[in-house]
Amino acid sequence: MPANRNALIRYRAIDSCLTNRFRKWTLDALIEKVAEALFEYEGIAQISRRTIQADIQMMRSDKLGYNAPIVVIEKKFYTYDDPTYSITNGPLSGHDLSQISEAVDVLKQFKGFSHFQNLSGVVQKLEAHVFSASGKGMAVIDFEKNENLRGLAFLDPLYRAVVQQQVIWITYQSFTAKEKQVIPFHVWWLKEFRNRWFAVGVQGQRDAITHLALDRMLDLATAPDLAYRPNPGHDPEAYYRDAIGVTVSPTLRPRTVRLWVEAKQAPYIETKPFHHSQRVERRHDNGDIELCLCVQHNYELEKDLLSFGDGIEVLSPEPLRQRIAERLSQAAGRYANAQTV
């Protein structure tokens, strides 16, 4: 890992450019992007041509362990010969692991402070990766993951589209669509929900906030000729406050949902609430509980309630009670009509 912070910023900026296959990169274009990165992070306004040329040679070498396959096309345009290469994909060296281990030790000291509460998961993931990669043995923490999840390669370009305020052409095909479509999309933020990622923003000139699943995206391309529509002030935390999941209605008001939960399921639901508004209203002598939460009625709420089968009963509101009863009845009907294999 480079000791010089400015050098690291330059290498990452060059890598970011060369992994972007939607643009041809001249040396002048690379210098411009590196200068922007240095100014953003360090307040440095200028960078010399010779420095960038030396950086490219350093990245090509094995001195830093990069061995970057940087080639020049038509004697003018820089790119990676391997389209899947990135300096961030390389294996960690012993020195890298030592540096990261030290960083983890520093981060662990802040875990008790409220400002750093969100770091706890990150620190554990880093600890687990360093422990495994350093050859100390098998990983001791197995984090939830979906190996078959598609579209994760789009996370970085979508993130950059938000930061750089760029419109993106997204080739997209939903589960219900027969044909793919190309959508001009203004990304405002990225949302993860139960191991699936969504790009959140608006399509073209529409005003409705839309969630596009990354695993339904087929391709991305920048749209430099289109003006970006910035987020007018929607706060993601506030946007999802009254709902479970990503199906949020701008007009549907949250309603109080009252539930009966049998004793066997009560500990699971109390320790992992459906929603932050969940409260226990009554505890029965046999261990059953009655609780309430204030949420929008959406697909994710129904799915969560149905996942507990006969262990939960919706007491109110009546429309949600009827909806859950109908779906359970339909499920029971399928089993009743099914032929034994």
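The values are calculated or read from the model by the stated rules, or taken from the named source; none is laboratory data. Predicted model, so just to flag it, every value in this text is computed and none were measured. Backbone-built Cβ (ideal geometry, glycine too); neighbour counts: all protein chains shown. Note: accessible area is taken over every heavy atom of the protein model, side chains too, but ligands, DNA and RNA are not part of it. Shrake-Rupley method; radii C 1.70, N 1.55, O 1.52, S 1.80 Å.
Per-structure values
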item: Some residue of region 50-60 being open to solvent by less than 40 Å² (accessible area, probe 1.4 Å) and part of a loop (DSSP other than H, G, I, E, B); result: no
item: Matching residues in region 225-240 - criterion: being farther than 29 Å from K303 by Cβ and loosely packed, with under 13 Cβ neighbours inside 10 Å; result: D225, A227, P230, P232, G233
item: Qualifying residue in region 212-224 (condition: part of a strand (DSSP E or B), under 30 Å from S277 (Cα atoms) and either hydroxyl-bearing (S, T, Y) or open to solvent by less than 40 Å² (accessible area, probe 1.4 Å) (or both)); result: yes
item: Residues that are over 30 Å from P273 (Cβ atoms) and open to solvent by less than 40 Å² (accessible area, probe 1.4 Å), drawn from region 190-211; result: V202, Q203, G204
item: Test: residue in region 167-181 that is within 24 Å of A37 (Cα to Cα), at pLDDT 80 or above and not in a loop (DSSP other than H, G, I, E, B); result: yes
item: Scope region 17-41; condition of a type in the set (S, T, Y) and touching a helix residue (DSSP H, G or I) at 6+ places or on another chain (Cβ under 7 Å); matching residues; result: Y41
item: Members of region 1-47 found to be of a type in the set (S, T, Y) and either closer than 20 Å to Q166 by Cα or open to solvent by 30 Å² or more (accessible area, probe 1.4 Å) (or both), listed by number; result: S16, T19, T26, Y41
item: Qualifying residue in region 150-161 (condition: under 20 Å from the mean Cα position of the chain (by Cα), of a type in the set (F, W, Y) and at pLDDT below 65); result: no
item: Condition check for I70: among the β-branched types (V, I, T) and at pLDDT below 90; result: no
item: Identity of the residue in region 303-329, touching a residue at least 40 places away in the same chain (Cβ under 8 Å) and among the aliphatic types (A, V, I, L, M), that ends up surrounded by the fewest Cβ atoms within 10 Å (Cβ to Cβ); result: L315
item: Region 249-276, residues that are more than 17 Å from E313 (Cβ to Cβ), crowded, with 16+ Cβ neighbours inside 10 Å and under 25 Å from the mean Cα position of the chain (by Cα); result: H275
item: Pair list, Cβ < 6 Å and 6+ apart or interchain, from region 218-243 residues that are within 26 Å of V182 (Cβ to Cβ) to residues that are hydroxyl-bearing (S, T, Y) and outside any loop (DSSP other than H, G, I, E, B); result: L218/T171; D219/T171
item: Qualifying residues in region 278-302 (those that are touching a residue at least 24 places away in the same chain (Cβ under 8 Å) and over 20 Å from A238 (Cα atoms)) - the one surrounded by the most Cβ atoms within 10 Å (Cβ to Cβ); result: L291
